[in-house]
Each structure stands twice: as C-alpha cells, then as structure tokens.
Amino acid sequence: MEKITATVYDTIDPYQWVTDIAHQAWKTRDQEVWANNIQDLITPDAVVLDAGCGLGRLLPRFWSAKKIVLVEPDQKRFLHASVVAKCLLNQDQKLLEKLKDDGFWQTDEYNGLLKEAHTSPVKSDKVHLLNDVMQSPAIEQYGKFDLIVCSHIFEHISLDIIQESIAAFYNFLKPNGSLVIFACKSPILYHKKASKEFSTHLLIARAEFAETCKGGPSAGLGVRYMPFELFQSILSNPFNPTLQETFGDEFKSKSEHYQLPTTPLFTIKQWEAYHSEFYTHKTMEVGTYIEYPQIQALLYHPVKPIESVAEVLELEHQVNQNETLKKMHLIDMVVVAKKMNPDIF
C-alpha cells in the first residue's frame, strides 16, 4: 500500500513571525466559525453525515452526536479516517496526537495502522465509515440525517457532481434537517489550478477547471471561487436551466438517482465569510494580506500592515457585519441551509 503524503507550508526563518500571525489567525477563525455556525447543531441525539470526510479531521468535533457516518472516496484518506475513528473509540489520545504529525505518516508504524484498518474495518454503532462518493445511494442504508457537513469539497468538483450531491443531501436529510457547506468564495466566478495543495495557483478558464476535475488527482488541483448569490441559487434549485449558460457542459438537466420536488430544496439560514489570502515571498521584508488594505480603507481605518492576530480577527468580524463587504471580501464561506419541505408551499 502506498504511503499517504501531505504538503506542508514552507516557511522562511526571517519571516516566521509574519507567517505565525497568519497561521494563528486562520486557526482561530476556524474555531470561531465552527462555534458560531455548527456547534449547536451537534446535539446528543443527532445523526450526522460528514460528506467527503478526507482524513477524518472533523470527527472529534462530531463525537458528541449519537451517530456519525463518514464518507470518503479516496481509499488512503478513508483508511486514515478509520484509524482516527479507532483512536476515538479506544480513547487513544496519544495515537490521535501522533496522527496530526505528517512526519509520522512516513513511518512503518503508520503504514501498519493503515493495513490494519483495511483488514479490520471499524465496527461500531456510533461511527460508520463508507469508502464511496458523497452522492452515493449506498449512504441511505444509514437512515436519515439531522445534519450533513461538507467541508471544502464543492470548490474542487464540477457542477454536475455538485448538482447530484445536493439532490442526494436533500434526500438523505430528515425534514427541516441542516446542510452545512464550507467553500471558497469571491465576488466573481473564477478558477485556479495547482499541481498540489499549497503550491502556486494559476488562473485558468472554466473549461480547463472541468477537465482537471475529470482527470483526477494526477491532473492537478482545481479550485473554483464562486459568488455567494450564485451558490445560494444552486442550493435552491441545482437543476435550474439558467445555470447552463454559466457552467456549459458541466450542467446536467436532472438527477441521475434522486426524485426532487419542483419547489426550492434549501434555504440559507445563516452564513459567515472568513480567511483572507496571505502572501509572502523571500524577496519581501514582510508578508501581506492582499485585500486587507482595501477592507481597512472601506471601513475608514488607517491603512497599515497587519501586526497581530487580534487585528485580523477584528477586521474579519467587521466584514461580517456588513452584507456588501461580506460578499466582496474574504475567500472562504460557511453556509448553513435548511431543507425545505414541499408541503409548506
């Protein structure tokens, strides 16, 4: 079995202070966003689906729920998530901490854990893992869900997969169930491509993004930045014919597996913007948040370099208090949507 590899941030010693601010601010905002939008949805009787769970990094956050289902198509990531689940079931905090270190992923001990997860799958009433795509009808065997979370998957997949996934999520959820999606956003629709995560991203056309998605991991990593309003309309009616003008041959006219009402599928209850793109280079004396000077100016603040985590947090909080700035600035969003029931129309 191949080893799982991971890309880490490259840091340059003279600028470590600058990058430390960026990383700590990102981490703190991640925690705030989770507390503001998701934490209260994870109740002791909740049944939760993590759609596209990756390495299972969110599983500890879901652990207070009654039942958790993790779905991941990539086998290596699926097996890593299985090891995380076993750690939590066995209360093995020491191994759980080791799994956070990507240096550990290069060891024989780690490969042994993956092989064990492959030969001895997790068996538990609390947590279930499925090596499959997130729109698979096989997920229905686990019953209906109170909450579905899909974290930073939509920006890497083509519209037809998004359409089918939204149709699936609608069918998987209980009446009035919640769908939480983390995705990249921008005031305009655009696309980037990189050879791997955290490497240099180059602007590409939509058609090249679609081809990258079809090509799988070997074709590179495509990233789609979508306006909030467009994302909102797709959640409401993912098969709206008007989407074809924007997405071309990515669009499909109906779901392959799921029956849907003619009424809107989801309505957004709340959303939050977070994270700003950070840039630094060995030729620069300091790093820069590209859009923060614009935000400072629009808020009539002094335009100055960011010098603390507190400054980052305060600016992002103020952006979220203004609906226009919220749609214009920051590159990530979390959207909390409710399943609409046809009988209320």
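The values are calculated or read from the model by the stated rules, or taken from the named source; none is laboratory data. What you see is a predicted model, and the numbers here were worked out from it, not measured in a lab. For neighbour counting, all protein chains shown are included, and Cβ atoms are generated from backbone atoms with ideal geometry for every residue, glycine included. With ligands, DNA and RNA removed, areas are computed over all heavy atoms of the protein, side chains included. Shrake-Rupley method; radii C 1.70, N 1.55, O 1.52, S 1.80 Å.
Quick test for you: out of Leu79, Leu58, pick the one residue that is under 23 Å from Ile166 (Cβ atoms) and open to solvent by less than 60 Å² (accessible area, probe 1.4 Å). Step through it out loud before you land on a result.
Working: Leu79 fails: under 23 Å from Ile166 (Cβ atoms).
Result of the check over Leu79, Leu58: Leu58.
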Next item on the list: Kindly check whether there is at least one residue in region 105-113 that is of a type in the set (Ser, Thr, Tyr) and under 29 Å from Asp249 (Cβ atoms).
Entry: no
Check: Only one of (1) crowded, with 19+ Cβ neighbours inside 10 Å; (2) without any contact (Cβ under 8 Å) to a residue 60 or more places away in the chain; (3) among the hydrophobic types (A, V, I, L, M, F, W, C) fails for Val71. Which number is that?
Finding: (2)
Margin query: in contact (Cβ under 8 Å) with a residue 12 or more places away in the chain, in a helix (DSSP H, G or I), touching a strand residue (DSSP E or B) at 6+ places or on another chain (Cβ under 7 Å) and open to solvent by less than 10 Å² (accessible area, probe 1.4 Å): which single residue out of Ile166, Ile139, Ile181 fits that description?
Written below: Ile139
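With the requirement that a residue be among the small types (Gly, Ala, Ser), touching a residue at least 40 places away in the same chain (Cβ under 8 Å) and part of a strand (DSSP E or B), what does region 184-225 give you? Explain how you work it out, then say what you get.
As a first pass, look at region 184-225 and keep what is among the small types (Gly, Ala, Ser): 186, 194-195, 199, 205, 207, 210, 215-216, 218-220, 222.
Right, trim to touching a residue at least 40 places away in the same chain (Cβ under 8 Å) and you get 186, 199, 207, 210, 222.
Passing the criteria: only Gly222.
Tell me yes or no: at least one residue of region 33-40 is outside any strand (DSSP E or B), over 24 Å from Ala138 (Cβ atoms), polar (S, T, N, Q) and touching a residue at least 40 places away in the same chain (Cβ under 8 Å). Even if it seems obvious, please write down each step before you answer.
Here is the first cut: in region 33-40, the residues outside any strand (DSSP E or B) are 33-40.
Next, from what is left, pick out any that are over 24 Å from Ala138 (Cβ atoms): 33-40.
Those still in the list that are polar (S, T, N, Q) too: 36-37, 39.
Filter once more, so that each one left must be touching a residue at least 40 places away in the same chain (Cβ under 8 Å): 36-37.
The answer is yes, given that some residue of region 33-40 is outside any strand (DSSP E or B), over 24 Å from Ala138 (Cβ atoms), polar (S, T, N, Q) and touching a residue at least 40 places away in the same chain (Cβ under 8 Å).
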Next item on the list: Would you check if Leu49 is closer than 30 Å to Lys144 by Cβ and in contact (Cβ under 8 Å) with a residue 60 or more places away in the chain?
Entry: yes
Notebook entry, point to check: Does Ser233 meet the test of being over 15 Å from Ile161 (Cβ atoms), at pLDDT 95 or above, in a helix (DSSP H, G or I) and not charged (D, E, K, R)?
Noted result: yes
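Here's the yes/no breakdown for (1) among the basic types (Lys, Arg); (2) touching a Pro at 6+ places or on another chain (Cβ under 7 Å):
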{"residue": "Asn237", "(1), (2)": "no, yes"}
{"residue": "Asn240", "(1), (2)": "no, no"}
{"residue": "Glu250", "(1), (2)": "no, no"}
{"residue": "Lys254", "(1), (2)": "yes, no"}
{"residue": "Tyr258", "(1), (2)": "no, no"}
{"residue": "Thr267", "(1), (2)": "no, no"}
{"residue": "Gln270", "(1), (2)": "no, no"}
{"residue": "His275", "(1), (2)": "no, no"}
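Pick from region 144-156 the residues that are outside any helix (DSSP H, G or I) and open to solvent by 30 Å² or more (accessible area, probe 1.4 Å): which of them is farthest from Ala168 (Cα to Cα)? Quick ask: steps written out before the conclusion?
We begin by selecting, within region 144-156, every residue outside any helix (DSSP H, G or I); these are 144-153.
From what is left, the residues that are open to solvent by 30 Å² or more (accessible area, probe 1.4 Å) are 144, 146, 152-153.
Details: Lys144: 11, Asp146: 14, His152: 17, Ile153: 15 Å.
The qualifying residue farthest from Ala168 (Cα to Cα) is His152.
Here is a yes/no grid of residues against (1) at pLDDT below 95; (2) touching a Phe, Trp or Tyr at 6+ places or on another chain (Cβ under 6 Å):
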position: Asp101; (1), (2): yes, no
position: Thr107; (1), (2): no, no
position: Asn131; (1), (2): no, yes
position: Ile162; (1), (2): no, yes
position: Phe172; (1), (2): no, yes
position: Ser186; (1), (2): no, yes
Margin query: Just to verify a result, which residue in region 236-262, among those that are part of a helix (DSSP H, G or I) and open to solvent by 50 Å² or more (accessible area, probe 1.4 Å), is farthest from Leu330 (Cα to Cα)?
Written below: Asp249
Note to self: Restricting to region 301-345, name every residue that is over 22 Å from the mean Cα position of the chain (by Cα), outside any helix (DSSP H, G or I), closer than 24 Å to Ile181 by Cβ and not aliphatic (A, V, I, L, M).
What the structure shows: Gln321, Asn322, Asn341, Phe345
Checklist line | Residues of region 263-278 satisfying the condition of being open to solvent by 40 Å² or more (accessible area, probe 1.4 Å) and either assigned to a loop (DSSP other than H, G, I, E, B) or modelled with pLDDT of 95 or more (or both) | finding: Pro264, Thr267, Lys269, Gln270, Glu277
Margin query: Checking the condition under 19 Å from Ser151 (Cα atoms), in contact (Cβ under 8 Å) with a residue 40 or more places away in the chain and not acidic (Asp, Glu), which residue from Phe228, Phe239, Phe251, Phe247 passes?
Written below: Phe228
